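The values are calculated or read from the model by the stated rules, or taken from the named source; none is laboratory data. The model shown is predicted, which means the values in this text are computed figures rather than measured ones. Reconstructed Cβ throughout: ideal geometry from the backbone, glycine too, with neighbour counts over all protein chains shown.
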Amino acid sequence: MTVARRLLPFALAWLAGAASAHAHGIAGNRFFPGTLTFDDPAVADEAVLPLASSIRHPGEGGDVTDNRIAWSFVRLLTPTVAFAVDSGAAARNWSVARRSGFDTTSLTLKSEVFRSDPHEMLISASLGWGIGRSGALGIGAGASDTLKPGLFFGKGFGDLPDQLGWLRPFGIAGGVVLEHPLSRTSPALGLDPATGMLGRTIVGNVDVLRWGFAVEFSTLYLTSRFTGGPPKEEPLNQWVPLVEFAFDSPRGQKTAATVNPGVSYVAVTWQAAVEAVIPMNTQAGRTVGARAQMLFFLDDLIPSLFGKPLLVGR
């Protein structure tokens, strides 16, 4: 069975179940910003140009420093179903050698499956295909095809009772993706421990669970725009301080964990975000890195092209 045939039943089911949706990642008074270490629960027309990062971490045969620039494009097919393509480029430095090239390209279908505006809650699901050998071997992007089912959620605390009112600005978001390789081994490039030279090798492929969550603070709740009831306007034009926690758990291996404090500013047509990448264990690295992101809300930025879904809702 081909990858395309595996994706088709999911696509048809999502298209059949489409319903109305809101712009961006908004539920009631809550805006869930685009996160940097995992996908957020929003399903909307948007583009990331770029997501830049500089991180030193364990690689094949020794520590490597990866400087990456990633991009993604998401287009609504129906009001609650979107198609996404993402890729990027990277430069990898082993100290004794350097390589650069394009990253793996992935195609994804994503659907909003639950929404509660009064309770500030969103849930979405996705199914992705990492296209095998679509990236450069030298930056670790020469692996096999992968299937990537995912689940994402966001929950704001604006519905808490008065005695817990101080918690209302807070919210949580999270995501989990299982990265399942479709072949047992893949070629790779790494350092030979015996010679210290860079060479081609074969690595075993295992399932990797990529999961994380974020604690977010909505400054909207501190302004006069917040009325305590249903929103009179979209909760944009605000700062959102947040701390993301990210974990990569390969089957049979130790989990790599990072804590990533940062801040987002959300405008009407764009969002800017920056965060530090702090390893929580040696599997994630030994030095502090950084990420930055520019996200554009295409339905507001170019409404003549992205104001309506491609397939339905016109």
One residue from Q271, Q253 being over 23 Å from D299 (Cβ atoms) and either in a strand (DSSP E or B) or free of Cβ contacts under 8 Å to residues at least 60 places away in the same chain (or both) | Q253
Those residues that are exposed (fewer than 14 other Cβ atoms within 10 Å of the Cβ), outside any loop (DSSP other than H, G, I, E, B) and without any contact (Cβ under 8 Å) to a residue 24 or more places away in the chain, I need them from segment 278-314; list them, please.
-> P303, S304, L305
Output the number of residues of segment 48-74 satisfying the condition of being surrounded by fewer than 18 Cβ atoms within 10 Å (Cβ to Cβ) and touching a Phe, Trp or Tyr at 6+ places or on another chain (Cβ under 7 Å).
-> 3
From I26, I69, which residue is among the hydrophobic types (A, V, I, L, M, F, W, C) and farther than 30 Å from G140 by Cβ?
-> I26
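Listed here are the residues, each with its yes/no results for (1) in contact with a Phe, Trp or Tyr (Cβ under 8 Å, 6 or more places away or on another chain); (2) part of a strand (DSSP E or B); (3) of a type outside the set (G, A, S).
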residue: L160; (1), (2), (3): no, no, yes
residue: Q163; (1), (2), (3): no, no, yes
residue: I172; (1), (2), (3): yes, yes, yes
residue: V203; (1), (2), (3): no, yes, yes
Selected residue [out of contact with any Leu (no Cβ under 7 Å at 6 or more places or on another chain) and crowded, with 16+ Cβ neighbours inside 10 Å] from R210, R184, R251 = R210
What is the residue count in segment 181-240 for residues that are within 24 Å of A284 (Cα to Cα) and either within 24 Å of the chain's Cα centre (by Cα) or aromatic (F, W, Y) (or both)?
-> 13
Residue match in segment 216-238 (condition: part of a helix (DSSP H, G or I), modelled with pLDDT of 95 or more, surrounded by fewer than 20 Cβ atoms within 10 Å (Cβ to Cβ) and hydroxyl-bearing (S, T, Y)) | yes
If you go through segment 128-142 one residue at a time, do you hit one that is among the polar types (S, T, N, Q) and crowded, with 19+ Cβ neighbours inside 10 Å?
-> no
Do any strands (runs of 3 or more DSSP E) entirely within segment 34-118 hold 1 or more residues that are over 26 Å from P231 (Cβ atoms), touching a residue at least 40 places away in the same chain (Cβ under 8 Å) and aliphatic (A, V, I, L, M), and if so, which?
-> 46-59, 62-78, 81-93, 106-116
